[in-house]
Structures are given as C-alpha cells and as structure tokens.
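The values are calculated or read from the model by the stated rules, or taken from the named source; none is laboratory data. As the structure is a prediction and not an experimental result, all values here were calculated from the model. Here the Cβ is made from the backbone with ideal geometry for all residues, glycine too, and neighbour counts use every protein chain on show. These accessible areas exclude ligands, DNA and RNA; they are computed on the full protein's heavy atoms, side chains included. Shrake-Rupley method; radii C 1.70, N 1.55, O 1.52, S 1.80 Å.
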Amino acid sequence: MINTGIVKELERIVGTKNVFTSPEDLVSYSFDGTFAEHRPDVVAQPATTEHVSRILALADREGIPVVPRGMATGLAAASIPFGGGLALSLIRMNRVLEIDEENMTARVEAGVVTADLQAEVEKRGLFYPPDPSSVRHSTLGGNVACNAGGPRCLKYGITGDYVLGLTVVLADGRVVETGGKAIKNVTGYNMTQLFIGSEGTLGVITEILVKLIGKPRHVRTALATFDKLDDASRTVNAILLKGIVPATLELMDETAIACIEEAMHLDLPLDKEAILIIECDGNDEGTVLREIDRVADICRENGAAGADGVRVAKNEAERAKLWQARRSVSPSLARKAPNKLGEDISVPRSQIPAAVRRIKEISRQYDLPIVVFGHAGDGNLHPNVLFDMRDADQWARVQEVVSEIFALAVELGGTLSGEHGVGVLKRAYLESALGADSIEIQERIKRALDPKGILCPGKIFPQAEVVAI
Amino acid sequence: MMKSEQKVTMVDHPFVDLETPTEEQYLFCIRCGLCLATCPTYRASLKETESPRGRVMLIRKALEGELELTPNFNDQMQKCMACLACNAICPVGIKPADLALNMRYVAEQVEPSGWKEKLFGGLLPHPRRMEWGTLPLRLYQKLGLRRLANTLRITRVLPAQLRDLERQLPQVPGRPLRSRLPEVIAPSTSSGRLRSPSTNFAQHPERSERAGRGPSTGSGRLRGLRVGFFLGCAQNLLFAEESEASARVLVRNGCEVVTPKDVQCCGMPAIGYGRQEIMREMAKHNIACFERLNVDVIVTDCATCGSTLKEYGHYLAGEPEWAERARAFSDRVRDVSEFLAEIPLDKPRGRIEGKVTYHDPCHLVRGQGVAAQPRLLLGMIDGLELVEMEEADWCCGSAGSQLITHYEDSLAILERKIDHVQATGADYVASGCPGCQMQLTVGLKRRGLEKRMQVVHPVLLLDRAYQNERH
C-alpha cells in the first residue's frame, strides 16, 4: 500500500528527516500505553497545519489509513495503527502560539505537552486545570482528542470544558476552524464539541484554543488512611454531602499503596486497606484551611482513625511528592505482573461504595488481582486487572472480568469510560452502553466526515472492520 | 468479544551463549511513557525511537528475534546519553539506560570492532601509552582531532564540529598530573587542624547517617583518614589543576592522600562502547592496586569514575574470586564532595566574590545520589552566592564523547542546558565532572560567554577560597 512514491511525496511535504521507515522506527511507533501493538508502514512528523493538510490530501487520494498521535500514552489503544498505513506524529507541533491575558485564553499547537502549557500560563498567574496523570507525558492534542480528565475534574471539569475552539484538518485535507474567543457562541452546531473526544476518527486536531482561569492562590493537601476500603469509599460522599467540593478526591486501595510505596518510599501505611488524597484550594487562605480541617474531621468520623489517620502536607515539596506518587500509581502496578489492563468506568458517585465492593468480588470470583484506584470524587474508577498475557488461561479470564466490570458499570447507571476513551479495547461493549440507535447515528457522522474511512480505521465502532489485538 | 491473536512465544533469544539482558529487565515495561518527560534525547529529537521506552521495546524485539542488530539498531543504543533519568523515574523499576548499555555489549559480542580493541584494550589500561597517545591533543593539534574523529569512525567531520571539539579542550597542562603529584602527601599541619568541626557539616542531614554505617569512616575516625585518591584519565591529562586542588583540600582537612600511579582507566568508556569484558579487567587491576595501599576510603573528583568504581561490585558479582573484593572496594568509594561533606571541614577564611550556579553531573546526582554535598561546599565560601538554574540535573549532552559521535543530538541537548545556565547570570558554573565541564565550555563559547562565565570543579572553588586566606 505504501510504495516508495508515497514515501517520496511525504518527504517532499515534511522533509526527509521527518519521515521514518526503518524497522526500528516502525517498532517504536507501534505501541501506546497499553499492551497492544501494530506497526505502521510509515511515520511522518509534520510541523504545521499545512503539512497535515497536504498529508491528508495525499492519504485521501491514495486511500492510506492515517492514525494521529501525540506522545502515544493513551490507555485505549486509540493511537495504534492497527490497519498499518501512516502514523502521523504531531509532536513537532509544540509551540504555544498565544497567551491572551486579557481574554484569559491560550492558543497552542496540538503537540504541546500539557504540563508545559500549565507551567507557561502559571508564570502569569493563570491556570489550566485539566490534569490527566500523564500531564507530563501527554499532549494537548491527545488530551482533546480523548477528552482527558484527571484528579482536578471534580471541581474544575474535564478537558472539553476548557476548549473554546479548534483547528481541524478533515480527512480530505480541508482545514476548518471551530469556535473562537467569544465565550457565548450558538452560531450553528457546536462543532468544537463534536471533535472533542472523537479520538482522531473525525479529523486531525492541529491547533487548540483553551480557556484559562485565575490560579488559586492557596492549596492544602491531606492524606487519610483507612482500615477498611469500604469506609474510604463511604467517606467520599460524606465529604461532598457537607457541601465541600475539594479540587481532588482520590482513592487508592492496598495493592496500589504497596506498589507505589515500593517504587517511591514515601512511608505510606502498608497495613491499611485504602487511602484518600484530598486537596482543597481557593483564593482565601482562611477558607482553604477551614475546609481541609473539616475534611480531616469527616475522614476521622468515617474511620480514618489513629494518630496518623489524617496527615496534611506541610509544604509544597511534600505535596509535590504526594502527587508524583499518585501519578505513578498506574505504572507502578506493573511491579506485580507483566501485564495490566487499566479500566476506566464511571458511575454516579453515590454508587462508588457499591462499585468498589463489587469489583473486589469479581476479583475473587475470577482469581485475578484487580487493583482499584481513581477519582472517587467524580465517580471515575480505575480497576486495573493484573495478569500475564503469556498464560492463555489468565488472558481468557481477563476478558471475562472486563465484561463483568463493564456490565457492572452500566447496571449502576454509569458508563464504560470516564476519561481514557473507547479506542479498540472497549469497542465490543459500546452497544451495551449506548444502544444501537446512538451507534448508528455516530456511524453516520463518521461517514459524513470521513467517507473513505481512512482516519483511525477500526476504532470506536463495534462493527468496524479490522483488526485483532 | 476481544480476541487475542497476539502470539507471545517464549522462544530462545537468538543470542544464545552471549551475555544478554534477562527477561525480567524488560518484560515488565508497560510503556506508560513516564520516561518520555525526562529523557534528554527524546525531548530534543521528538522521536519515539530515541526514547527510553522506545529503546526498551527495540531491545525486547531484538532479543525475541523480531529485529536484527542492524547498524541503525546499534546506533539507537549508542544515542542514549546514559544520563539515568529514565532509570530514576520508572515506577516499575525498569532501567532503560542500563539496558541500552547492555545492548552495546551484546552488539560487540556479536561483532567486535577492532578499533575498540585498540582503544580500550591497548590504550586505556596503560596510562603511559595514553599520555603519549594523547600528546597531539595536549598540543592542540587539529590533525590530532581529525585523527581521533577518524578513529571513532566519524567520516564526515564538519568544520563547525571541529571548531566545537577544539572548544571542548581546557588549557591542557604541559605535564600530566600523574608525573607531578607525590605518591603520598601527609596531612597538613596548618593552624586549622585542631579546631572543632564546622557547624555546617554537623547539620548536614546525610552525614550522621553515612558516618555511622560507612565501612571505614566510622565515628571517631573522621579526622586523619588515609585517603586513596583515584586519579581519573581526564583529570590527569586535562584537568590536572583541579585534581591538584582536590588533593590540597583533602590534605588541608587532615587527610593523608595516597595517589597510586599504576591505576588504569575506571572502565566507563569501555562500558559506553560495549566492552564490558575490558572494563572488568580494568576493575580487577584497580581493586588489587588499592588493596595494597590499605586506605580508609577511595576518593575521586570525577563523577564518572566515581559512579563506575561504585559499580565494580555489581559488575564483578558473578566472579566468585572477585565478588567480595569488588564489593568491599566499591563500598569505600566516595566522590570528593561526598567525602568532604562527611568529615569535619575547615571553613575557608578566604572569600570569592561572585555568583555560582551548579550543574548536577548525571553520574553524580543519579549515578551516586550526590546532589546536596557539592552545594554545601559552595555554600561554605563567603562572598559566593549560589543561584540555582532551572533543570540543574538535566543532562548536558556530553555523555563522554557524544559531541564527537552524535554531534547534532549532543548540541541540541547542550543548548537547552546553556539557556538555563545563561539565565542565572552566574560568574561560575560548577560541576564535578570533566565531561560536563568540557561540554559546558563548548556551550558557553558558542555564545561568546566564556569570558563572563567560568566552568569549574566545585572543589576548585573551595581550594581557591583556602588559597585566598593568605591575601
């Protein structure tokens, strides 16, 4: 499918240094943050929207599958080129184009690392809240394409809540602009929101206009430890019911604690079933302090007992360490098994205790460790199944476990994915969450925007051709 | 339902009978990408192939027989700066930098290259030959640099690169330090000797812990130690003035300094070029050499030598007659700043006016966990203000010889470093590693900053402060 003529054309567009075809390069672009793999036939790294436009015009003409990617750290195998073709890496498009302090917006290219944007705007007293755990190793383009979340979503909302406009290259190479700096905008369909979370299946996002807010001046972070996992999950709602909305409310179970302690040596308690990390922020120091004290009291009332039941980080260094630990939880689980499957179910938050209990039951039933951690405050949990893919029997059970977890999420009034996306890993379960009519409409939207089906073939839709994992 | 068609076969890797990385060194990498954020080659090249998790994947595919050891594959392993940032951040405990070094060794076992045999087998173990061999270097001859470039198989040396390679070289001493430094120097008997330990170090958090468990620097023995000084190649040949200073500072603070003249290269260049077996022979020689001297500690003022000497125990663990001796040797090794922070130290009464910023050598901050100590030493000097740069522990792009072998990659990383150095407006850039010092000098000269900022070893500044007491 990719002959030397096409490689030459790509080289003319982005330069020979930015087209890769060696086996070493193709292997390096064959994976993301999951266990899945498939090599592309060629990799191109454009530097401008115009490059992307010309590349897609070429792909449209030749019928070449195109899979865009940022840092390829997604957890749904959305950026893996299962159909071969072109891996389109946007990582060179890494300029912050404008920070408009008056309108509190920033315009960035898709390949900007999220943490780099945050650092840049925070120098000016501004704040870009969405903070996926991969904040230092994922890009704005990827965050928008998968509508990433993160701990702070509880108070501040998700990536999609901050996107005011996009530059998108369509499947045939045309460039469209959506939205703009105007806050209110009901002129036509909300095209911005259509592309957010489309996982690269509707177009390639090359520029993003985001909304910023003022950076909260004060922040306090508490660590509460619980003898019983159930107490910890009940505490989540106990806090929220008192009218306190912390910036984050994170849950980790005992295996998560053990793994992160082994990796980072933070003196976390190894004899407790769960911890909560709770952060309160705001502009008035007194209010923040009162809130964190109140949170600490509620934790104690609900089972975070003992002298060390609740600890408040003494300084920024301690707080930073705590968050580095939280962000390392997911990968650190690999200390326990060669493979892990991180799920991402989202349930109404009143159902958190039930969800946690039932997941642990599934774990016992199928005799596979399932670690539970996640953003308990907004109902988004990450049950991670630990296994060894080389063991066929384990792999079979993993798939049954995944079915059970998804069924549970839907039964509790929730859904399959809170922030990772569908990609390939959750395709098969889409209908159970959305229903056939909804899928049919979405497929029509897909066909309208990508009639030849060259963008991320095989992703999201259950009936899509392709591609075994 | 999802269906697995991925075949995971447990084939014997194609390199039977060779020393290769073991499965547990790479199998558990889940490709999360945390290492991407801290890898200097990835952040400079923006290429997954040049990232830690990319290299781990390449290595895995090679060991599983899906990739061949092509020249490109081997070059990807060579591109790693071995700065250890990936090792440090991986929550799973994968060590991508070590794996890349190990794969260089695999490549050499498969197809040994003759010039490495000559360089690492014929030259580095023989200090005298090396001193003669690097005579052209010491004389600043362009021809010598060209020849070196040819030896390292750089076919295309650009004029700009040649200029930068020349910029790397410090004012080379006329004679190597080895021939000038006495074999044994007695502790100084100057007036400072009997004063009580300076309060600075009494408060040093790591001191009490280390002093307690150190193999030879147990409490009560901190003064009057017999220090074996490991004189590294670069220090001996290029930075003689610095090592002279290090020896003076040790003596001044009550140590007897013994400098064996028959030590060989620490072995890091050999490891870097995939010749671990040569490194192990050098290690044995050096261990035996210091065993004869009956010293309390082994001190070096080269970050790379220090990190390598501390690894002798690891590299010789598989050889029964050497394992214990190597471990005992490594346990005794200290970087000079680490050691000075362990002993009661005279506060210099001389001053140095100006600002200093400190660049963490990879082989010191991550290779040895030494970061606070050099800063403490600098903080002791009156008149000298320590200004931290951003990303002080980010690699400078030297990695020994990357400026020669991977010129553009090395420069790209250097530019990021020099941006941060320049922003401090410091008069001195202190760093206890000859490789870093040469690289930083290139970076400053490229921007015409070499007159405003001086690259120095932190202990050299301490020595100057002592020297200034006389004025």
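Does A:L97 satisfy the criteria of being touching an Asp or Glu at 6+ places or on another chain (Cβ under 8 Å), within 30 Å of A:D172 (Cβ to Cβ) and of a type outside the set (S, T, Y)? Yes.
A single member of B:E338, B:E385, B:E408 is over 30 Å from B:A270 (Cα atoms) and among the charged types (D, E, K, R), and it is B:E385.
Among the residues here, A:R335 qualifies as within 14 Å of another protein chain (Cβ to nearest Cβ), more than 19 Å from A:E250 (Cβ to Cβ) and touching a residue at least 60 places away in the same chain (Cβ under 8 Å).
This table checks each residue for (1) within 14 Å of another protein chain (Cβ to nearest Cβ); (2) surrounded by fewer than 24 Cβ atoms within 10 Å (Cβ to Cβ).
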position: A:T48; (1), (2): no, yes
position: A:D60; (1), (2): no, yes
position: A:I64; (1), (2): no, yes
position: A:T73; (1), (2): yes, no
position: A:R124; (1), (2): no, yes
position: A:S133; (1), (2): yes, no
position: A:R136; (1), (2): yes, yes
position: A:A145; (1), (2): no, no
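The residue that is farthest from B:Q402 (Cα to Cα), counting only those in segment B:35-80 that are in contact (Cβ under 8 Å) with a residue 12 or more places away in the chain, among the aliphatic types (A, V, I, L, M) and open to solvent by 20 Å² or more (accessible area, probe 1.4 Å), is B:L69. Within segment B:32-65, the set of residues being modelled with pLDDT of 95 or more, facing chain A (nearest Cβ under 8 Å), assigned to a loop (DSSP other than H, G, I, E, B) and in contact with a helix residue (DSSP H, G or I) (Cβ under 7 Å, 6 or more places away or on another chain) comprises B:G33, B:S51.
The helices (runs of 4 or more DSSP H) located wholly in segment A:46-149 that include 1 or more residues which are without any contact (Cβ under 8 Å) to a residue 12 or more places away in the chain and within 21 Å of B:R43 (Cα to Cα) occupy A:114-122.
Scanning segment B:372-408 for residues that are among the basic types (K, R) and out of contact with any helix residue (DSSP H, G or I) (no Cβ under 9 Å at 6 or more places or on another chain) returns no hits. Contact map, segment A:190-202: residues that are closer than 19 Å to A:V67 by Cβ paired with residues that are of a type in the set (K, R) and buried (at least 24 other Cβ atoms within 10 Å of the Cβ), Cβ distance under 9 Å, separation 6+ or inter-chain. Pairs shown: A:E199/A:K459; A:G200/A:R69; A:G200/A:K459; A:T201/A:K459. With respect to the conditions (1) on the phi < 0 side of the Ramachandran plot; (2) at pLDDT 95 or above, A:N3 lacks only one, and its number is (2). For segment A:388-401, a residue qualifies if it is touching a residue at least 40 places away in the same chain (Cβ under 8 Å) and buried (at least 22 other Cβ atoms within 10 Å of the Cβ), and exactly one does: A:V398.
Can you find even one residue in segment B:21-28 that is within 24 Å of the chain's Cα centre (by Cα), more than 8 Å from every other protein chain (Cβ to nearest Cβ) and closer than 28 Å to B:A303 by Cβ? Yes, segment B:21-28 has at least one match. Exactly one residue among A:V288, A:V347 is in contact with an Asp or Glu (Cβ under 7 Å, 6 or more places away or on another chain), aliphatic (A, V, I, L, M), open to solvent by less than 40 Å² (accessible area, probe 1.4 Å) and modelled with pLDDT of 95 or more, and that residue is A:V288. Residues in segment A:21-36 that are within 7 Å of chain B (Cβ to nearest Cβ) and not in a loop (DSSP other than H, G, I, E, B): A:P23, A:E24, A:D25, A:V27, A:S28, A:F31. For first residues located in segment A:406-427 and free of Cβ contacts under 8 Å to residues at least 60 places away in the same chain, partners that are open to solvent by 10 Å² or more (accessible area, probe 1.4 Å) and among the β-branched types (V, I, T) and lie 6+ apart or on another chain with Cβ distances below 9 Å form the pairs A:R427/A:I460.
Of all the listed residues (A:L434, A:L412), the sole one being farther than 28 Å from B:I30 by Cα and either open to solvent by less than 40 Å² (accessible area, probe 1.4 Å) or in contact with a Phe, Trp or Tyr (Cβ under 7 Å, 6 or more places away or on another chain) (or both) is A:L412.
Looking at segment B:371-382, I want the residues that are in contact (Cβ under 8 Å) with a residue 24 or more places away in the chain and have a partner that is open to solvent by less than 10 Å² (accessible area, probe 1.4 Å) and charged (D, E, K, R) with Cβ atoms under 7 Å, at least 6 apart or on another chain. Which pairs are those? From segment B:371-382, the pairs are B:Q373/B:E338. Taken over segment A:167-189, the residue count meeting the criterion of being touching a residue at least 60 places away in the same chain (Cβ under 8 Å), open to solvent by 10 Å² or more (accessible area, probe 1.4 Å) and in a strand (DSSP E or B) is 1. Which condition number does A:E419 fail, the rest of (1) at pLDDT 95 or above; (2) open to solvent by 20 Å² or more (accessible area, probe 1.4 Å); (3) not in a helix (DSSP H, G or I) being met? For A:E419, the failing item is (1).
When residues in segment B:66-98 are screened for being more than 21 Å from the chain's Cα centre (by Cα), part of a helix (DSSP H, G or I) and of a type in the set (D, E, K, R), 1 of them pass. A:T21 passes every criterion in (1) more than 30 Å from A:N339 (Cα to Cα); (2) surrounded by fewer than 19 Cβ atoms within 10 Å (Cβ to Cβ); (3) in contact (Cβ under 8 Å) with a residue 12 or more places away in the chain apart from (1). Of the residues in segment A:389-396, at least one is of a type in the set (D, E) and within 13 Å of chain B (Cβ to nearest Cβ). The residues on offer are A:R12, A:R69, A:R39, and the sole one that is open to solvent by 40 Å² or more (accessible area, probe 1.4 Å) and in contact with a Gly (Cβ under 8 Å, 6 or more places away or on another chain) is A:R39.
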